[in-house]
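Below is one structure, written out as structure tokens; the observations come after it.
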Amino acid sequence: MVVTASALSEAFLQQFQTERQPDCFRAPGRVNLIGEHTDYNQGLVLPIALEMACYVAVAPAPHGNLRVYSSNLKQTREWPAARLVSALPERDWGDYVAGTAQQLARAGYEIAPGDLYIRSEVPEGAGLSSSASLEVATALALLGERSIDKLELAKLCRRAESQFVGMPCGIMDQYASVFGQEGAAIQIDCRNLEYRAVKLPADVRIIAVNSRVKHELGSSAYRERVAECNEAVAAIRKVNGAVESLRDVSLDCFKQVQDYVPPTPRKRARHIITENARVAEFSAAAAACDLSEMGRLFLASHWSMQHDYQISCEELDFLVETAAAIEGVEGARMTGGGFGGCTVNLVRPFALDGFRRKITSAYEGRFQITPLFYECTPARGAGRLY
Ligand code: GLA
């Protein structure tokens with residue numbers, strides 16, 4: 001994507017004037033292959049960064065404000081640059097920008113007045129991290145020539161979301177957008193915040209299917225799950241004081257202590273503990289090019305989210321069940337926060353056309369919604385475009 005100075009000035013209704021080419025930054029969305037809701041439990045996740053990305057072009061401006069135009073929404077937001085440090089959320093898309101600017105300011109990076117032009121290819125509400133990619137691209141644009149440690153960048157953008165937007169998310173989305181690797185998934189250890197690249201077998205494609213539903217429950221249920229996991233940890237700590245998070249609990253240990261945990265937090269904990277194991281097993285199966293084991297783990301993960309974590313919905317279950325019955329589909333599961341958004345599917349190249357056709361006609365027949373398909377190729381993480 002190339003943003004010219006003239007596109008910027010059109011966007012800002014001719015008020016924006018610059019002689020020079022604006023700087024432009026790119027931050028990708030992500031699809032998580034496996035390891036759902038484990039990040040805020042210090043567990044393992046395995047996302048890939050996507051080619052679909054958010055782009056932010058930036059140029060200095062004399063008006064004293066940070067002024068932002070979203071070309072997707074055709075809307076402008078602005079804040080006095082000097083007062084961003086105490087800005088308050090307004091419950092719309094501008095919060096991701098203001099929150100990121102605020103975190104930068106609080107970390108000692110002065111926010112100069114300027115114009116930002118945003119264009120995103122990451123579909124919103126699809127569970128592919130449109131918000132994290134906006135935060136990361138915004139942070140890079142506001143930093144400009146100033147360098148920042150990559151992990152600090154991911155942490156800072158996460159704080160924008162948890163402290164300003166008010167969503168108590170884990171670090172996976174921002175981390176994947178920053179550290180994404182071309183040609184590989186990244187297995188992130190959310191306890192020590194290190195990662196390793198995991199190559200995927202060549203004879204399988206990763207296809208995200210957008211259910212195009214987003215049930216309202218999403219953010220309140222997310223908070224509830226975070227609280228229920230904390231409740232499980234508190235109960236387990238009464239019997240084993242060494243446990244600090246569900247990451248410290250092996251399946252064997254859990255079997256011994258589970259009766260001390262109330263029923264709902266017990267189910268949540270069982271998902272997290274089994275899901276951590278599945279991430280490690282999936283990475284090993286990928287290294288061994290064992291497609292059927294990778295597929296089995298996908299389906300087991302979906303089952304666990306459907307029954308233990310209870311974050312799936314009718315549409316996602318239908319997409320997973322339909323996909324699993326198609327020849328050449330190794331596995332399918334919901335991905336992201338849940339209650340809508342996408343499923344992620346492991347599909348053999350020979351089966352791609354039939355997969356699209358069969359999923360589309362079944363889903364249209366059942367819900368009168370045409371699903372969207374994204375072929376996901378692991379792409380590089382965020383950086384300067386030009
Ligand atoms: C959202 C959050 C992430 C993670 C996923 C679920 O995308 O932002 O931190 O918890 O849900 O895996």
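Overview of values
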read-out: Rough spin-label spacing in nm, given labels placed 7 Å along Cα→Cβ, for ASN192 and CYS289; value: 3.0
read-out: Cα-Cα P(r), segment 10-200, percent of pairs per 10 Å interval; value: 10, 39, 35, 14, 3
read-out: Of ALA202, ALA332, ALA288, the one that fluctuates the most in a GNM where the chain has Cα springs shorter than 10 Å; value: ALA202
read-out: Computed label-point distance, nm, for sites GLU182 and ASP92 using a 7 Å Cα→Cβ extension; value: 3.8
read-out: Ordering of 66-74, 134-142, 250-258 by packing [mean C-beta count within 10 Å, highest first]; value: 134-142, 66-74, 250-258
read-out: Carbon + sulfur, % of accessible area of the chain - ligands and nucleic acids excluded, 1.4 Å; value: 48
read-out: Normalised alpha carbon radius of gyration of segment 205-375 [divisor 2.2 N^0.38 Å]; value: 1.13
read-out: Efficiency of FRET between HIS307 and VAL85 - r from beta-carbon atoms, R0 41 angstrom, step 0.05; value: 0.35
read-out: Linear extension gain, ALA227 paired with TYR386, 0.36 nm per residue minus alpha-carbon span; value: 53.0 nm
read-out: Lys, Arg +1 and Asp, Glu -1 on Cβ, resulting dipole of the chain about Cα centre, debye, nearest 20; value: 260
read-out: Solvent-accessible area of GLU194 with every protein chain in place, 1.4 Å probe, in Å² to the nearest 10; value: 110
read-out: Distant-in-sequence amide H partners of GLY43 (H built 1.01 Å from N, under 5 Å); value: CYS190
read-out: Where labels lie 7 Å past Cα in the beta-carbon direction, separation of ARG356 and ASP317 in nm; value: 3.0
read-out: Cross-link partners of LYS267 among aspartates and glutamates (Cα-Cα below 14 Å; sequence separation of 8 or more within a chain); value: GLU224, GLU228, GLU231, ASP259, GLU275, ASP308
read-out: Extended-chain gain in nm, criterion 0.36 nm per residue less alpha-carbon gap, SER219 and ALA277; value: 18.3 nm
read-out: Positive-end extreme of charge dipole, segment 10-200 - chosen from GLN75, THR100, VAL122 (charges on Cβ); value: THR100
read-out: Scaled radius of gyration (Cα, divided by 2.2 N^0.38 Å) that the chain gives; value: 1.01
read-out: Choice from ILE186, ILE148, ILE236 with maximal GNM fluctuation in the chain (Cα, 10 Å cutoff); value: ILE148
read-out: Largest-first ellipsoid semi-axes for segment 285-386, taking √(5λ) over the Cα gyration tensor eigenvalues, angstrom; value: 21, 18, 17
read-out: Radius 10 Å from Cβ of CYS190, net charge of other residues (Lys, Arg +1; Asp, Glu -1); value: -1
read-out: Average accessible area per residue (Å²) across the chain - probe 1.4 Å, nucleic acids and ligands excluded; value: 41
read-out: Gain upon complete extension [LEU372, ASN240; 0.36 nm per residue less C-alpha separation]; value: 42.9 nm
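The values are calculated or read from the model by the stated rules, or taken from the named source; none is laboratory data. Owing to the predicted nature of the structure, the values given are computational and were not obtained by experimental measurement. Ideal geometry is used to build each Cβ from the backbone, glycine not excepted, and the neighbour counts take in all protein chains shown. Quick note on the areas: whole protein, heavy atoms, side chains included, nothing else; ligands and nucleic acids left out. Shrake-Rupley method; radii C 1.70, N 1.55, O 1.52, S 1.80 Å.
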